[in-house]
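J.: Can you read through this structure? Questions will come right after.
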Amino acid sequence: AGQTDDPHFMLICRDITDGVTAAEQVEESRRHADRLLNVAAEIIMATDVDGTITLLNDNGHRLLGYKPGELLGRNWVDTCLPEDIRPEIRQFLDDLVRGQSMTLVPHENAVLCRDGSRRLILWHNTVLRDGSGIITGILSSGEDITAYKELQDRLRSTEATAAQGQQHH
């Protein structure tokens, strides 16, 4: 007797403020990293050990004539390098991945743009490692030095012409 049919509610609350804040901080960090990558004047690229592009900033895509994100998942050597230098660069990158080459040694090579034109890039590379120290890929930054090299060649040509002119006097 004395029992009522009034509905009863039980409310359990959990403060998730810290969790939300941590998730927001992670997301903000990711957005910040994206902005840093995309404000860089250089090409910023990462490939896995097989040479598949896992990261390429917007500037890298633009320089090569592609839309942002379009080259992700494609093989770097097969897609973006002129055929005549592919074996040499593939060997260089394989040596990096196997730890048989020094990292951070700058080198220059041509890249192939979507329209078939070539640009000369000065690269700086380092290997990426997982928590166990195993090499998982390569991180590269590249600077387009095409205009600089063309100017250098023109200056050399002008100097050579001037020197020849002097010899005839």
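The values are calculated or read from the model by the stated rules, or taken from the named source; none is laboratory data. Not measured: the values here are computed from a predicted model. Positions of Cβ are backbone-derived with ideal geometry, glycine not excepted, and every protein chain shown enters the neighbour counts. Ligands, DNA and RNA are stripped out before the accessible areas are found, and what is left, the full protein with its side chains, is counted by its heavy atoms. Shrake-Rupley method; radii C 1.70, N 1.55, O 1.52, S 1.80 Å.
J.: Once phi is turned into θ = phi - 60°, what whole-Hz ³J(HN,Hα) does the Karplus curve with 6.51, -1.76 and 1.60 give for every residue of the stretch 45-60, x standing for Gly and Pro?
T.: Couplings: 9, 10, 10, 7, 5, 8, x, 6, 6, 9, 8, 8, 5, 4, 4, x Hz.
J.: Placing unit charges on C-beta atoms (Lys and Arg positive, Asp and Glu negative, everything else neutral), compute the dipole magnitude of the stretch 74-169 about its Cα centre in debye, rounded to 20.
T.: 80
J.: Another one. Ranked from the most accessible area to the least, with a 1.4 Å probe and all protein chains present, what is the order of LYS149, LYS67?
T.: These residues rank, largest area first, as LYS67, LYS149.
J.: LEU71: accessible area at probe 1.4 Å, nearest 10 Å²?
T.: Estimated to the nearest 10 Å², LEU71 gives 0 Å².
J.: Also, quick follow-up: Would you rank MET45, MET10 by solvent-accessible area, highest first, keeping every protein chain in place and using a 1.4 Å probe?
T.: MET10, MET45
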